[in-house]
Amino acid sequence: MKHSDASGARTPYARRIGLLGGTFNPVHNGHLRAALEVAELMVLDELRLVPSARPPHREMPQVSAEQRLAMVKLAVADESRLSVDDRELRRDRPSYTIDTLESLRAELSASDQVFLLLGWDAFCGLPSWHRWQALLEHCHLLVLQRPDAGSEAPEALRDLLAARSVSDPLSLAGPGGQISFIWQTPLAISATQIRQLLATGRSARYLLPDAVLAYIQAHRLYAVPEA
Ligand code: ATP
């Protein structure tokens with residue numbers, strides 16, 4: 001996309017794209033609300049939910065990757081700021097985040113900004129990720145922090161934080177390379193809770209979009225198989 005500047009000249013417009021990865025088994029209002037709040041706060045053009053592949057032996061017997069993807073598609077269908085990126089499911093093996101970023105970057109212009117959303121716990125585990133130090137070559141990190149969190153970053157991340165963090169997430173500049181924190185109170189909803197409710201015959205209504213719940217019911221997902 002191009003925008004005109006004051007002189008009328010065409011200037012390249014840097015898109016702002018956020019990424020939220022997860023298994024989304026199933027997607028729920030905790031994910032969606034957090035994603036929408038970040039999209040609004042960060043004035044993103046698009047926040048993509050990126051369902052991850054799971055090793056075949058870890059896939060729940062009755063819920064396939066295609067079904068997890070279908071549910072995320074239904075969840076974001078009428079929200080223009082949220083979308084789905086299925087590239088990790090199109091690979092024949094689970095992908096590392098660095099692979100996802102490299103593949104996405106190949107489709108973008110160099111000035112486009114990419115923001116990778118990570119919960120605090122995931123951020124603390126970063127040093128164990130494949131080629132983690134290369135992540136910032138492709139994106140900014142937006143660490144979602146709970147207001148009640150009190151833990152310190154691990155030693156291995158202290159120098160990185162000192163060198164790369166900026167206090168105002170809206171001042172993250174350029175295509176990538178910096179880290180900022182967003183303080184957000186998450187809704188107390190988890191996919192685990194939803195699976196447990198459904199497996200015990202209880203309602204999960206209002207925890208996830210009605211369209212997703214209808215899909216779950218139509219495909220008899222998460223229910224205990226009849227004996
Ligand atoms: P499970 O209960 O199966 O572990 P989950 O509900 O935590 O699943 P994931 O698919 O693992 O869902 O989460 C994807 C991403 O969304 C993760 O970064 C996770 O931290 C974040 N997330 C999960 N639940 C919430 C929530 N209630 N509010 C905000 N973010 C959430």
When every residue in segment 21-31 that is closer than 12 Å to VAL84 by Cβ and more than 6 Å from the ligand (Cβ to nearest atom) is compared, the one nearest to the chain's Cα centre (by Cα) is GLY21
Write out, first by first residue and then by second, each pair whose Cβ atoms fall under 9 Å of each other, whose residues are 6+ apart or on separate chains, and whose first residue, in segment 173-198, is touching a residue at least 12 places away in the same chain (Cβ under 8 Å) while the second is hydroxyl-bearing (Ser, Thr, Tyr) and within 14 Å of the ligand (Cβ to nearest atom). ALA191/THR23; ILE194/TYR222; ARG195/TYR222; LEU198/TYR222
Would you check if ARG158 is among the basic types (Lys, Arg), surrounded by 11 or more Cβ atoms within 10 Å (Cβ to Cβ) and over 21 Å from the mean Cα position of the chain (by Cα)? yes
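Within segment 139-227, considering only helices (runs of 4 or more DSSP H) that don't extend past its boundaries, which have at least 2 residues that are under 24 Å from GLU79 (Cα atoms)? Lay out the reasoning, then the answer.
Details: elements: 155-164, 191-199, 210-218.
Those helices (runs of 4 or more DSSP H) span 191-199, 210-218.
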The condition of being basic (Lys, Arg) and touching a residue at least 24 places away in the same chain (Cβ under 8 Å) holds, among ARG158, ARG81, only for ARG81
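No value in this document is a laboratory result; all are computed from the given coordinates. This one's a predicted model, so the numbers in the text were calculated from it and none came from an experiment. All Cβ positions, glycine included, derive from the backbone under ideal geometry; neighbour counts span all protein chains shown.
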